[in-house]
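Enquirer: Once you've had a glance at the structure underneath, I'll fire off some questions.
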Amino acid sequence: MIIPIFKSHYSIGKSILTLSSPKKRGCQESMESSCSVFDIAKENDLQKLVLVEDTLIGFPQAQKVAKEIGAQLIFGVLFEVCEDCSSEEAIKKSQCKHKVIVFPKNAKGCKDLNKIYTECKTNLHNFLDMASLKSLWNEENLSLAVPFYDSFIFKNLMSFDTCIISFNFTNPTFFLEDNALPFDNIIRQAVEKYCLSNNFSTQETQSIFYEKKKDFSAYLTYKLICSRGSFSGRQSSIEKPNLDHLGSDSFCWESYIEKTHE
């Protein structure tokens, strides 16, 4: 089973999907407004909706609209992790930066997630370290997932980082994806090998940042606008975007449908 993982415009520069209430005629109503995550959910009768954001800001709206359409919202926050978050200088020197996703399991878990988020934003310079995460962790209320892209395994293989991570406080689930990028299979093999060696579970997923493949150009334009014309010090344009790992138009609902109907 492949689980669709949505992201909205609240994660700035990452998605062109909104969290608006569904339109009467769905995403195809007009070109006047962007497609909503909940348009897709309602049109396809999704009973559960997994939303992973870079911030907690959109959670109240997501929860409200999910109740309106009778869908169960599974909300997670993507955190960037480094070895030492004690200062901005320590973060710059860190040889290992990667990401994890924290999901609350219940109402208490929502409060625990808020504590982790607050600690990250107020005391740890917008990062987490594993020691801080462990100190705030409650296994009864929270679950941890490792994204396919930007995981420590991805960083070690693609950026030659030296991340050695201890999950001695929880049993994470590792996400797997296939978006026709040339390195997808290399990363998949490394993740599966790591999980087999450490008895961790994996889950097939599909990241969804826009509705259809034809929306890729709009998504690309949005990312360029958010990067303000440059990315990692390189000049960018529509013809030459210079955006890493953006060589596929498969990060969409249409791709999910294709994979689940094969």
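The values are calculated or read from the model by the stated rules, or taken from the named source; none is laboratory data. Computed from a predicted model, the values in this text were never measured in an experiment. Cβ: placed from backbone, ideal geometry, glycine included. Neighbour counts: every protein chain shown. Side chains included, ligands, DNA and RNA excluded: accessible areas come from the protein's heavy atoms. Shrake-Rupley method; radii C 1.70, N 1.55, O 1.52, S 1.80 Å.
Enquirer: Within segment 180-202, list the residues whose amide N lies under 11 Å from a label point set 7 Å along Cα→Cβ of Lys259.
Expert: 180-181
Enquirer: Right, next: In the chain, what percent of the accessible surface is made up of carbon and sulfur (1.4 Å probe, ligands and nucleic acids excluded)?
Expert: Numbers: 7020 of 13680 Å².
It is 51 percent, rounded to a whole number.
Enquirer: May I pose another question? Might you tell me the accessible area per residue for segment 83-146, computed with a 1.4 Å probe and given in Å²? List each step's numbers first, then the result.
Expert: On the way: 3360 Å² over 64 residues.
Averaged over the residues of segment 83-146, the accessible area is 52 Å².
Enquirer: How big is the convex hull of the Cα atoms of the chain, per residue, in Å³?
Expert: Details: hull volume 36.9 nm³, N = 262.
Given the Cα convex hull of the chain, per-residue volume reads 141 Å³.
Enquirer: Enumerate the lysines that Lys67 could reach by cross-link, defined here as Cα to Cα under 20 Å, with residues fewer than 8 away along the same chain left out.
Expert: Lys7, Lys23, Lys24, Lys42, Lys48, Lys105, Lys108, Lys111
Enquirer: If r is the Cβ-Cβ distance from Lys193 to Glu119 and R0 is 45 Å, what FRET efficiency results, to the nearest 0.05? Display every interim value, and only then the final one.
Expert: Working: r = 33 Å, r/R0 = 0.73.
It comes out at approximately 0.85.
Enquirer: Net charge near Gly109: determine it from the other residues with C-beta under 14 Å of the C-beta of Gly109, scoring Lys and Arg +1 and Asp and Glu -1. Before the final figure, lay out each step's value.
Expert: Working: positive: Lys105, Lys108, Lys111, Lys115; negative: Asp112, Glu139, Glu140.
In short, +1.
Enquirer: Then there is this: Using a 4.7 Å cut-off between beta carbons, which cysteines in the chain end up with no partner cysteine at all?
Expert: Lacking a cysteine Cβ partner under 4.7 Å: Cys82, Cys85, Cys110, Cys120, Cys195, Cys226, Cys252.
Enquirer: Moving to a separate point now. Counting only other residues whose beta carbon sits under 10 Å from that of Asp249, what net charge do I get with K and R as +1, D and E as -1?
Expert: Working: positive: Lys212, Lys213, Lys214; negative: Asp215, Glu254.
Surrounding charge for Asp249 is +1.
Enquirer: Suppose each label sits 7 Å from its Cα in the direction of the beta carbon; what would the Lys213-Ile69 distance come out to in nanometres?
Expert: Here the modelled spin labels are 2.4 nm apart.
Enquirer: In segment 30-147, how does Rg compare with the Kirkwood Rh, expressed as the Rg/Rh ratio over alpha carbon atoms?
Expert: Values: Rg = 16.3 Å, Rh = 15.6 Å.
Rg/Rh for segment 30-147 comes to 1.05.
Enquirer: Return the distance in nm (one decimal) between the two label points of a simple spin-label model at Glu204 and Ile2, each offset 7 Å from Cα along Cα→Cβ.
Expert: 0.7
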